[in-house]
Amino acid sequence: MPPKRQEPTTHVDSPAVEDYLEQIHNLIEGKGYARVVDIAHNLGISQASVTNMIQKLDAEGYLVYERYRGVVLTDEGRQIGQEIARRHEVLTRLLSTFGLDEETVYKDVEGMEHHISRQTLDVLTLLMEELEGNPALLKRLKQKLSRTSL
Ligand code: ZN
């Protein structure tokens with residue numbers, strides 16, 4: 001049986017929710033606000049679906065939606081959005097270091113970012129930093145990689 005998650009069970013807690021909160025967090029960080037039209041564009045879905053989901057997330061306490069001000073994250077919503085964005089960044093940097101193509105990296109990261117614990121993320125962050133600071137090691141690993149994937 002998988003270990004129980006620590007989050008309270010009253011919350012919607014799914015990759016979809018995390019993707020919304022990640023996108024909203026990124027938009028607010030980048031532009032200062034998150035509009036339904038931008039969220040829909042970034043997630044590649046209709047504005048109607050976004051509005052629908054935003055109402056649910058509002059009811060769950062992750063954000064506050066005001067028709068004219070747009071979407072504002074609550075502390076809880078911001079925490080989750082930030083955490084997913086951090087996982088996204090670390091995983092992307094780690095995989096890109098090895099020269100994997102952008103599309104593969106993006107696809108894999110979007111899947112993995114929902115399934116990584118804080119401890120694992122710390123390990124990967126450490127690895128990424130070490131690799132970025134050690135070009136000789138990275139070169140050696142990339143050579144091995146190109147041999148094994150032939
Ligand atoms: Zn992501």
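Here are some notes:
- Remark: relative contact order (segment 33-150) = 17 percent; criterion is Cα-Cα distance under 8 angstrom and separation of 6 or more residues.
- Bridgeable aspartates and glutamates around Lys56 (alpha carbons under 19 Å apart, same-chain partners fewer than 8 residues away excluded): Glu7, Asp13, Glu18, Asp19, Glu22, Asp38, Glu66, Asp75, Glu76.
- Solvent-accessible area, 1.4 Å probe, carbon plus sulfur percent, for segment 84-147: 57 percent
- Entry comment: accessible area of the chain is 66 Å² per residue, from protein heavy atoms only and a probe of 1.4 Å.
- Share of carbon and sulfur in the accessible heavy-atom surface of segment 15-79 [1.4 Å probe, %]: 47 percent
- 3J(HN,Hα) along segment 113-125: 4, 8, 10, 10, 7, 4, 5, 5, 4, 4, 4, 5, 4 Hz, from the Karplus curve 6.51 cos²θ - 1.76 cosθ + 1.60 with θ = phi - 60°, whole Hz, x for Gly and Pro.
- The chymotrypsin sites (Phe, Trp or Tyr not before Pro) of segment 48-119 that meet both conditions, a loop assignment by DSSP and at most 13 other Cβ atoms within 10 Å of the site Cβ, are Tyr68, Phe98.
- Net charge of the neighbourhood of Arg118, taken over other residues with C-beta under 12 Å away and scored Lys/Arg +1, Asp/Glu -1, is 0.
The values are calculated or read from the model by the stated rules, or taken from the named source; none is laboratory data. Computed from a predicted structure; not experimentally measured. Note: ideal-geometry Cβ built from the backbone for every residue, glycine included; neighbour counts use all protein chains shown. Quick note on the areas: whole protein, heavy atoms, side chains included, nothing else; ligands and nucleic acids left out. Shrake-Rupley method; radii C 1.70, N 1.55, O 1.52, S 1.80 Å.
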